[in-house]
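The values are calculated or read from the model by the stated rules, or taken from the named source; none is laboratory data. From a predicted model like this one, the values you see are computed outputs, not experimental measurements. All Cβ positions, glycine included, derive from the backbone under ideal geometry; neighbour counts span all protein chains shown. Ligands, DNA and RNA are stripped out before the accessible areas are found, and what is left, the full protein with its side chains, is counted by its heavy atoms. Shrake-Rupley method; radii C 1.70, N 1.55, O 1.52, S 1.80 Å.
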Amino acid sequence: MPLHQLHLVTEPRRDPSELVRVVGEALDGGVDWVQLRNKSASAAAMYADGIQLRSVTQNHQAFLAINDRLDVALALGADGVHLAGQSLPVEAAVRLATGRALIGRSVHSLPDAMASAKAGADYLTFGHVFPTTSHPGLPPHGLTELAEIVHAVNVAVLAIGGITADNLDSVLQTGCAGIAVISAILADPEPDRAARRLRSVLNASTHQPRYSFPVPARGEPHAAHRQPTTV
């Protein structure tokens, strides 16, 4: 597994075949994980899209997470589920997943991050770090707060929000385990090129993540792969 992670969070597409095509191109460019996110979709629709993306990620030796829907994640045999504030509590997801999938959690403050890590989340995603069109009018949290969270919890932290190839190295200086992006890849007419540019910066970085990103559970004991890479 690469030292620094590149996760792609999807946006809804009218045509499922278009979603598969774009994700496939992003995976060609070096994406490690795909997180299927569609807040308005039914469980049936998420499952149908997930079936197709599961095949694509496996063909690329990459991983699939499902946003919010633990039931869909487990039904698909996905590698992870990513929880938000309105999702199941981390403790409940850990109990239900029983080591079958990684449990990720989006956090937006230090207390939230510490509580989620204590509850058993395998990794956290923190943001938004920089201004982003996904959260218009909301001030970014910035690199200082990202670094504070990275060094306060005992799990891997991904950064999200307004991250580009130009500011990526400053993000990695915080000790985070990598990044999650949406528009940085999906807004580019050539998703493979956009992903490749980010992957190049990630691979060239001399910064070490404080905690490496966990290996998907796949039947192993929950959170067994948490290993700090620095003291």
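Residues ALA119, ALA177: which one is more than 18 Å from ASP68 (Cα to Cα) and hydrophobic (A, V, I, L, M, F, W, C)?
ALA177
Looking at (1) in contact with a Leu (Cβ under 7 Å, 6 or more places away or on another chain); (2) closer than 20 Å to ASP188 by Cα, which one does LEU8 not meet, given that it meets all the others?
(1)
For segment 1-24, give me each residue that is in a helix (DSSP H, G or I) and within 14 Å of VAL181 (Cβ to Cβ).
If the condition is that a residue be in a helix (DSSP H, G or I) and within 14 Å of VAL181 (Cβ to Cβ), then VAL22, VAL23 are the ones that fit.
Does ARG218 fit the bill of being open to solvent by 10 Å² or more (accessible area, probe 1.4 Å), over 17 Å from the mean Cα position of the chain (by Cα) and either modelled with pLDDT of 95 or more or hydrophobic (A, V, I, L, M, F, W, C) (or both)?
Against the criterion (open to solvent by 10 Å² or more (accessible area, probe 1.4 Å), over 17 Å from the mean Cα position of the chain (by Cα) and either modelled with pLDDT of 95 or more or hydrophobic (A, V, I, L, M, F, W, C) (or both)), ARG218 does not qualify.
Being in a helix (DSSP H, G or I), over 30 Å from ASP166 (Cα atoms) and open to solvent by 10 Å² or more (accessible area, probe 1.4 Å) is true for just one of ALA93, ALA41, ALA48, ALA73. Which residue is that?
ALA48
Of the numbered conditions (1) more than 16 Å from the chain's Cα centre (by Cα); (2) touching a residue at least 24 places away in the same chain (Cβ under 8 Å); (3) under 26 Å from PRO12 (Cα atoms); (4) not in a helix (DSSP H, G or I), ALA194 satisfies every one except a single condition; which is it?
For ALA194, the failing item is (4).
Would you please list the contacts, defined by Cβ atoms under 6 Å and residues six or more apart or on different chains, that run from a residue in segment 4-16 that is open to solvent by 10 Å² or more (accessible area, probe 1.4 Å) to a residue that is at pLDDT 90 or above and in a loop (DSSP other than H, G, I, E, B)?
PRO12/ASN38
Only one of VAL31, VAL56, VAL81 is buried (at least 23 other Cβ atoms within 10 Å of the Cβ) and either outside any loop (DSSP other than H, G, I, E, B) or modelled with pLDDT under 95 (or both). Can you tell me which?
VAL81 is the lone residue from the list that is buried (at least 23 other Cβ atoms within 10 Å of the Cβ) and either outside any loop (DSSP other than H, G, I, E, B) or modelled with pLDDT under 95 (or both).
Please specify each residue of segment 133-161 satisfying the condition of being modelled with pLDDT of 95 or more and either in contact with a His (Cβ under 8 Å, 6 or more places away or on another chain) or open to solvent by less than 40 Å² (accessible area, probe 1.4 Å) (or both).
Matches in segment 133-161: LEU146, ALA147, ILE149, VAL150, VAL153, VAL155, ALA156, VAL157, LEU158, ALA159, ILE160, GLY161.
Kindly indicate whether any position in segment 171-182 is modelled with pLDDT of 95 or more, open to solvent by 20 Å² or more (accessible area, probe 1.4 Å), closer than 18 Å to SER205 by Cβ and of a type outside the set (A, V, I, L, M).
Taking every residue of segment 171-182 in turn, at least one turns out to be modelled with pLDDT of 95 or more, open to solvent by 20 Å² or more (accessible area, probe 1.4 Å), closer than 18 Å to SER205 by Cβ and of a type outside the set (A, V, I, L, M).
Could you check SER106 against (1) open to solvent by 10 Å² or more (accessible area, probe 1.4 Å); (2) without any contact (Cβ under 8 Å) to a residue 60 or more places away in the chain; (3) not in a strand (DSSP E or B) and say which number it fails?
(3)
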